[in-house]
Amino acid sequence: MKTDIDIRTIQCIEYLVKNKGYKSEKEFLKKMEFPESKLSEARKGKSSFRADDIGKILIVFEEINGHWIMTGKGDMLVSESYPTESAITQFLKKQNRELMEKIESLNREIGDLKRQITELKKGNVRPDAAAENADTGPYGLGK
């Protein structure tokens, strides 16, 4: 039995074939690793698109609105007012890069402090000299 979700998924595939440079529906199905008969069987109501089928489409084509496929609400294409997964991904990658740089900086600082502790234990450095060299700026411990 053909469901509303199947109907919208078929519309979506037809749009993608027409607008994304595919020579045919067969080529699209092959690139998406769907059986060649998937679309014709769905059109006849003999089979339905599974959640993982729809998921594949949504992962590859970020401009497709998954909410529309599932509910019919909104437009087939993602509105420009909503951030796409790629915008979110770019933001998270930037945040991750900044955090990794901070971690690297803190690890270097830990290494320096461990060396100072080792020198202090050996008695090679005056305790007041180590305190003079400590970086206390961001911690509110400044002079």
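If only residues of segment 18-33 that are within 25 Å of the chain's Cα centre (by Cα) and crowded, with 18+ Cβ neighbours inside 10 Å are counted, the one that is nearest to F61 (Cα to Cα) is F28. The single condition among (1) surrounded by 14 or more Cβ atoms within 10 Å (Cβ to Cβ); (2) in contact (Cβ under 8 Å) with a residue 12 or more places away in the chain; (3) not in a helix (DSSP H, G or I) that S47 does not satisfy is (2).
Within segment 62-76, the set of residues being buried (at least 17 other Cβ atoms within 10 Å of the Cβ) and in contact (Cβ under 8 Å) with a residue 24 or more places away in the chain comprises I64, W68, I69.
Condition check for S79 on (1) under 23 Å from the mean Cα position of the chain (by Cα); (2) of a type in the set (G, A, S); (3) part of a helix (DSSP H, G or I): one failure, at (3).
Rule-based calculations on the coordinates, nothing more; no lab input. Everything quoted here is computed from the prediction, not taken from an experiment. Virtual Cβ from ideal backbone geometry, glycine too; neighbours counted across all protein chains shown.
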